[in-house]
Amino acid sequence: MPALRLKTKLVFAITGMVLAIVVTLATLYFSEVLRIGMQQTLLNGEEIAHNILDVAREPLEKDLSATKVDLNDPRQIEDAVTEILQSDPGLNDLLESFLSYSPNIRDVAIVSVSGRALVHSSPSLIGQTLKRREEFSTIANGSIWKQFKVIYGPLETYDVVLPLARNDVPFGEIRVGVAMVLLKNTLRPVLTHALIFAGVSILVCLVLAAGLSNFALRPLEAISRRLDLISAGQVETAEAPKPRLDEYGAVTTKIDRLGRQMRDVKEVFSALKENLDQMMANLQDGVMLFTSDLRVVLVSASAERFVGKPRGEMLGNHPTEIFSEDSRLGRALLAAFEKRVPLEQEDIELENGRRIQIALDFIEERGERIGALLTLRDAESVHRIEDEIELSRRLSAIGRLTSGVAHEVKNPINAIVVHLEVMRQKLQQMDPDTRRHMDVISSEIRRLDRVLQTLVDFTRPVELRLTEMDLRKLVDEVALLASPEAERHNVHIHRETSSEPLPVRIDADLVKQAVLNIVINGVQAMPEGGNLHISTQRNSELATIEVRDEGPGIPAEIRDKIYNLYFTTKKGGSGIGLAMAYRVVQLHNGALEFDSVEGQGATFTFRIPLMESNTTVEQPAAAPADSVKMA
């Protein structure tokens with residue numbers, strides 16, 4: 001059930017209070033009016049009953065001993081008294097007068113103990129047994145709700161009863177039938193007007209309460225708007241309210257002061273959070289921070305890969321709830337947590353053969369431990385990064401060396417070319433052998449010059465011409481360019497593109513040439529034909545291109561040399577393609593990795609950072625769902 005607004009609560013409270021007052025006063029008023037009307041009617045009926053008793057007392061007390069009535073027979077006594085009462089003219093006149101001049105009186109009767117009518121204002125009912133009606137005294141002395149039901153309920157007749165006795169022996173009773181016609185006609189309009197007035201009072205109160213709540217809560221609405229501006233960081237742009245000396249002015253001043261403090265704290269917190277989120281998102285190592293009671297309060301995204309659980313299931317839990325004693329990692333960490341012994345770069349081989357490095361540090365402040373920091377690192381990635389750093393260092397050294405060599409050799413080559421042309425001019429008449437040797441020398445010099453130019457181009461700083469594009473489109477173009485070479489080698493190229501865009505910012509020409517080099521190498525590695533698979537997919541913040549062939553694979557003894565400049569195992573190969581591809585990927589802050597099993601082919605994987613998700617790039621043409629096959 002949604003919570004009520006303060007204005008609604010205030011309206012309900014004021015209306016409820018007025019309603020309680022109106023109901024209380026109305027109940028008191030109604031109770032008094034009904035009590036007076038009911039008591040007056042009851043007194044009127046009792047007065048009539050006593051008047052009848054006064055007239056009937058003499059016949060009741062008449063001596064019957066001189067008559068033939070058997071005084072021991074109650075029935076004969078009852079019949080004798082009945083005859084006397086019925087023949088008494090004064091009693092009959094009195095009954096008729098009550099009916100004529102008392103509108104509330106419906107009937108009057110004297111009944112015996114058995115309920116038989118001895119005397120009745122309606123002669124047809126004399127001698128019949130009368131049904132006993134509810135006594136009016138129970139209504140007059142009852143609750144207000146019972147009296148309300150009588151006034152607003154169906155018309156009924158009630159009895160005012162007065163007992164009769166003869167010689168101190170119960171003889172019967174006088175029943176005065178009281179009808180509610182006059183009482184209803186008298187009290188109902190009064191009560192109805194009172195009810196209408198009470199309802200109108202409540203409605204007026206509701207309207208007044210709504211207006212009063214608006215007036216009373218107007219300062220709170222202004223304060224709420226001020227707080228909204230402060231929470232949105234717009235406290236400087238908000239128009240300052242006019243200074244007031246009441247409570248609203250004091251609260252507004254304090255809110256402004258609090259808003260400035262919140263803004264300063266929010267700026268610091270936002271900067272820290274942004275830096276922390278960026279660091280945790282880009283961190284390849286798994287990081288977990290524990291409190292003093294060893295509850296996890298911070299988990300990096302990479303930690304999920306090592307532990308095998310999502311962050312939501314780890315946050316707030318104890319190490320015993322996260323790690324299992326059935327695993328080597330869990331046993332090592334739980335033992336360290338239990339003994340409070342730190343771990344420093346300990347290598348652990350998991351059940352699947354993967355090796356990771358773990359480090360556990362207990363954080364202390366003033367000699368008291370306030371938490372723990374667990375770091376999980378992929379040992380294979382560390383070794384791979386070290387190999388890449390070593391390869392980059394070697395390529396850089398080779399680049400510096402080749403740059404110097406090319407510069408030193410370039411000048412002698414230029415001199416040789418010049419002197420060769422001079423010799424051509426001086427030797428006007430050359431025999432065919434001499435001309436053939438001269439042509440060979442010229443051709444080899446030009447080839448040597450191209451090699452040197454390649455060295456200069458490879459070591460020269462590259463100015464990237466970056467454009468935004470979908471990496472899937474580049475893969476489509478590479479597959480198209482490689483199709484003629486694939487046809488010559490009877491290789492089928494299968495392309496498997498990602499279903500979602502892969503927006504990147506790259507030098508399209510360089511990356512296309514790098515990927516094409518890998519694809520052509522894969523095609524040439526299968527002289528007898530086969531299948532070459534090119535696939536693209538999104539991997540976290542990276543776009544990957546995977547090129548997998550079915551060739552003989554890369555021998556283990558040369559795997560650490562394949563990125564070396566001019567290293568090649570192909571006849572007629574230049575040894576520049578892989579080195580250039582590796583350099584292009586590095587220039588784009590990416591990575592080029594390979595995996596190979598001898599006799600089962602090789603797989604090269606390009607990893608290039610994706611652009612931000614809200615950037616729109618050119619989409620490639622729709623590709624087949626499964627693959628593209630080129631003969």
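Rule-based calculations on the coordinates, nothing more; no lab input. Here the structure is a predicted model, which means the values were calculated and not measured. With ideal geometry, Cβ positions are generated from the backbone for all residues, glycine too; neighbour counts draw on all protein chains shown.
The table below gives the values:
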| read-out | value |
| --- | --- |
| Highest to lowest packing among 158-170, 194-206, scored as the average C-beta count within 10 Å | 158-170, 194-206 |
| Between segment 520-564 and segment 77-135, the alpha-carbon center distance in angstrom | 124 Å |
| Relative contact order %, segment 91-161, counting alpha carbon pairs below 8 Å whose residues are six or more apart | 21 percent |
| Segment 88-130: relative contact order in percent, alpha carbon pairs under 8 Å with at least 6 residues between | 27 percent |
| Efficiency of FRET between Ile441 and Lys309 - r from beta-carbon atoms, R0 56 angstrom, step 0.05 | 0.20 |
| Label-point separation in nm, Gln586 to Val418, each point 7 Å along Cα→Cβ | 3.6 nm |
| Calculated FRET efficiency for the pair Thr24/Gln86, C-beta based, R₀ 51 Å, to 0.05 | 0.40 |
| Efficiency of FRET from Cβ geometry, Arg263 and Arg465, R₀ 41 Å, rounded to 0.05 | 0.40 |
| Around Gly45: net Lys/Arg minus Asp/Glu count, Cβ-Cβ under 14 Å | -4 |
| Packing-based order for 291-300, 126-135, using average beta carbon neighbours within 10 Å, highest first | 291-300, 126-135 |
| Inter-site label distance for Ser483 and Glu593 at 7 Å from Cα along Cβ, in nm | 3.2 nm |
